[in-house]
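What follows is a structure written as structure tokens; I'll ask about it next.
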Amino acid sequence: MPNLQPVLSHCSQSSFVPTNPGSNVMVHSRSAAFHFSAINLLNKIQDILNQEQTLSTLLSQCVDTIEQTLAVTALHLWTFNPQNQLLELCCQSTGVQAAPLFPERIPLGLSIIGLTAENKTPYITEHLGQWQSVCVIPVDKIAENAFQSFAVYPLLAANKLVGTLALFSTQTLTVETQQSLSWALSMIGYAIAYHQSQIALQSRQDTVLHRIASQMQDTLDLDIILSVAVQEIRDIFHIDQCNFIWCWSSRNMDEIDRQLSPMIAITHEAKRPHVQSLLGDCSTQQMEVLSQKILNLEGIQVTQLDQADHLDAATRALLHEWNLNACLLYPLETHLGQCGAILCGQVNGPRVWTEVECDLIKAIAGQLASAINQAELYAQTKASAFAAQTQAHQLTQTLENLQQTQAQLIQSEKMSSLGQLVAGIAHEINNPVSFISGNVHYAQTYFHDLMTLINAYQKHYPIPDPEVQALIEDIDLEFLVEDLEKLLQSMEIGSERIRQIVLSLRNFSRLDEAEVKQVDVHEGIDNTLLILQNRLKSKNSKPKIEVIKSYDSVPLVSCYAGPLNQVFMNLLSNAIDALDDLETPRQIQITTTKSSMMVGSEKVDSVRISIADNGPGISPENLPRLFDPFFTTKEIGKGTGLGLAVSYQIIVERHQGNFHCVSEQGKGAEFIVEIPLTLEN
């Protein structure tokens, strides 16, 4: 046997990691992936322990499952024999060589394994090479297997030692692995205690444990599990009532500081009809008594209340208030920090609580603790999944907002560039046109003066010189006089037409006007048609597109003039695109009417603008997606999918209006815009 003094000294330091209920190692929130992995391991262990096999067979399967699931190796499991105070090797994982690495029988307090069992506290280390050996394992044997971490866990059932498990790992044991081990070994510990005491348990007691375990596997609903548990306990003990008590912490604001105050409520009950119910929140005095018992894991066992001299006055008063003559209170605490207690009560006469019944309550409490653990893990997993789903929804919403913003920026930049281009062209054309239109009048005056002079010459010199006569005939003076007057009139009409076009371009761009103003929507539509005039003409043997206007008497509309013209441009351009492949007739119907609409909860006056074409129409599957950013039915290169999306935002969001499309495939499409006459801020 090697010198264990360094080992024992090291064991007394921080390498012991407490895993008793409420341990700091245990955390109350882990990732969804860890929760699923932990639940998977616990379910596997539970499935194994529910099998009808010998204890050694079940434990062998458990250690193999732990080895495969948690990537640890060389697992050895001893059960504790209270008669000789020895740990006796029960099984080892299949990955271990034929001969065990550790002694088959280990006294309490000797070696790391015996000391861990005696202290009921785990031992974990990564410093395997600092001593000559670890529990009679030579250092070269450790190096040969590339072991990096070593751990010993006591197997406990209600803080009672039932065995020990030792293992190696080729890597550092993570906190998650330690937690999973603690939870799994807690179940194994209770399973060992159960099997060791099953000889003393009657068959009906085995049945109740099996039913509760099956209920735990069938559902993760704590309400159902606890309801079944208290009913089974009452039936098998033949007692007056059985209750489950929850204990949790509630934050209490104090003037000096914050502290957690325990809150206690009796949540589940099974009782005889004549017995009073204890369900509900406990009073302050009741909570003071019960919190000390439950949080300290201190049970109460009373055979007859008037002879229970060991009870303090507060506990005696509590049982008297509950009208209990005999009771058995067994607290429990889960690895996730949940606290509770099972209360068995007898109203009439004394009640002797046998050792078998106490063991059964302990076993049930262990199973309930595991059930609460699994239910809490499941709830956390659902919460994590819901949080992930919510985050995904938020990311989707953010992406849609980004797409809409991108569409707005692209379209705004495009229309801004178009507006600047139109305004620039209008400005450049305006100067020479003004020069021409301004001088046509003077040209006409000069022409009339010259004609007066020529007429005077013809009057006073009716017979001109032969050379002049020849020149008159050569230039055809009579035709020249007549045609020149028509030419000057045509120039005047043309310059005026150009001035109107320039004015329309300037009105369309709206760069020199306020954002919101009162405008004539008919003027905006006509200006847009003027810009699109070239696309309305006949081309490639196709007839021109006929624009039919049905304008109602509509008052001026308070709106964003530039963006509204942008909507007209998008709708009319789309209507022209829809008629490209149509032979005849090709028509666009523009209708305006005064109407009314709802803005919020108020009814306001509005203008309704309809732009319809007799094109091929829109398919039913595409109709709901028309206003989605970047959605287009046009060929690649002919559409960006931004026009209608931006138009929808301009009408609905900026003008508080309505915008929708009515279409039937093969019968054209009609886009209907409705905006209030007065734009509210």
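In the set Asn373, Asn401, Asn348, which member is assigned to a helix (DSSP H, G or I), of a type outside the set (Val, Ile, Thr) and over 21 Å from Ser186 (Cα atoms)?
Exactly one of Asn373, Asn401, Asn348 is assigned to a helix (DSSP H, G or I), of a type outside the set (Val, Ile, Thr) and over 21 Å from Ser186 (Cα atoms), namely Asn401.
May I pose another question? Would you check which residues across the range 652-662 are open to solvent by 20 Å² or more (accessible area, probe 1.4 Å) and in a loop (DSSP other than H, G, I, E, B) and list them?
Scanning the range 652-662 gives a single hit, Gln656.
Then there's this: Name every residue in the range 56-92 that is of a type in the set (A, V, I, L, M, F, W, C) and part of a helix (DSSP H, G or I), in order of residue number.
Within the range 56-92, Leu58, Leu59, Cys62, Val63, Ile66, Leu70 meet the criteria.
Right, next: Tell me the residue from Gln665, Gln649 that is polar (S, T, N, Q) and open to solvent by 30 Å² or more (accessible area, probe 1.4 Å), please.
It is Gln665.
Also, I was wondering about something else. Take the residues in the range 632-656 that are in contact with a Cys (Cβ under 9 Å, 6 or more places away or on another chain) and farther than 19 Å from Ile576 by Cβ, then tell me which one is modelled with the highest pLDDT.
His655
Of the residues that make up the range 96-103, is at least one of a type in the set (S, T, N, Q) and open to solvent by less than 10 Å² (accessible area, probe 1.4 Å)?
Looking for residues that are of a type in the set (S, T, N, Q) and open to solvent by less than 10 Å² (accessible area, probe 1.4 Å), one finds none in the range 96-103, hence no.
Considering the range 557-580 alone, what residues qualify as being open to solvent by 20 Å² or more (accessible area, probe 1.4 Å) and free of Cβ contacts under 8 Å to residues at least 40 places away in the same chain?
Asp580
Determine whether the range 528-545 contains at least one residue that is at pLDDT 90 or above and open to solvent by less than 60 Å² (accessible area, probe 1.4 Å).
Yes, the range 528-545 contains at least one residue that is at pLDDT 90 or above and open to solvent by less than 60 Å² (accessible area, probe 1.4 Å).
Being in a helix (DSSP H, G or I), modelled with pLDDT of 80 or more and more than 39 Å from the chain's Cα centre (by Cα), is that true of even one residue in the range 293-303?
yes
Can we say Ala456 is out of contact with any strand residue (DSSP E or B) (no Cβ under 8 Å at 6 or more places or on another chain), in a helix (DSSP H, G or I), of a type in the set (Gly, Ala, Ser) and at pLDDT 65 or above?
yes
Across the range 276-310, what is the number of residues that are open to solvent by less than 20 Å² (accessible area, probe 1.4 Å), without any contact (Cβ under 8 Å) to a residue 40 or more places away in the chain and of a type in the set (Gly, Ala, Ser)?
So the answer is 1.
Does Ile66 satisfy the condition of being within 17 Å of Gln374 (Cα to Cα) and within 39 Å of the chain's Cα centre (by Cα)?
Taking the combined requirement at face value, the residue does not satisfy it.
Still on this structure: Would it be correct to say that His393 is at negative phi and modelled with pLDDT under 70?
No.
Next question. Take the residues of the range 580-606 that are among the hydrophobic types (A, V, I, L, M, F, W, C) and modelled with pLDDT under 90: which is farthest from Val521 (Cα to Cα)?
Checking each candidate, the answer is Leu582.
Each row is one residue, and each column tells you yes or no for (1) closer than 23 Å to Thr381 by Cβ; (2) open to solvent by less than 50 Å² (accessible area, probe 1.4 Å); (3) among the hydrophobic types (A, V, I, L, M, F, W, C); (4) at pLDDT 85 or above.
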residue	(1), (2), (3), (4)
Gln148	no, no, no, no
Val162	no, yes, yes, yes
Gln178	yes, yes, no, yes
Val230	no, yes, yes, yes
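Quick check on the range 259-290: of everything there that is of a type in the set (Asp, Glu) and more than 15 Å from Val230 (Cβ to Cβ), which residue is modelled with the highest pLDDT?
Result: Asp281.
Another question about this same structure. I'd like to verify a number: residues in the range 44-72 that are touching a residue at least 40 places away in the same chain (Cβ under 8 Å), surrounded by fewer than 17 Cβ atoms within 10 Å (Cβ to Cβ) and in contact with a strand residue (DSSP E or B) (Cβ under 9 Å, 6 or more places away or on another chain), how many?
Total satisfying the criteria: 1.
The values are calculated or read from the model by the stated rules, or taken from the named source; none is laboratory data. Note that the structure is predicted; figures quoted are calculated from it, not measured. Glycine also receives a Cβ, built like all others from the backbone with ideal geometry; neighbour counts cover every protein chain displayed. Ligands, DNA and RNA are stripped out before the accessible areas are found, and what is left, the full protein with its side chains, is counted by its heavy atoms. Shrake-Rupley method; radii C 1.70, N 1.55, O 1.52, S 1.80 Å.
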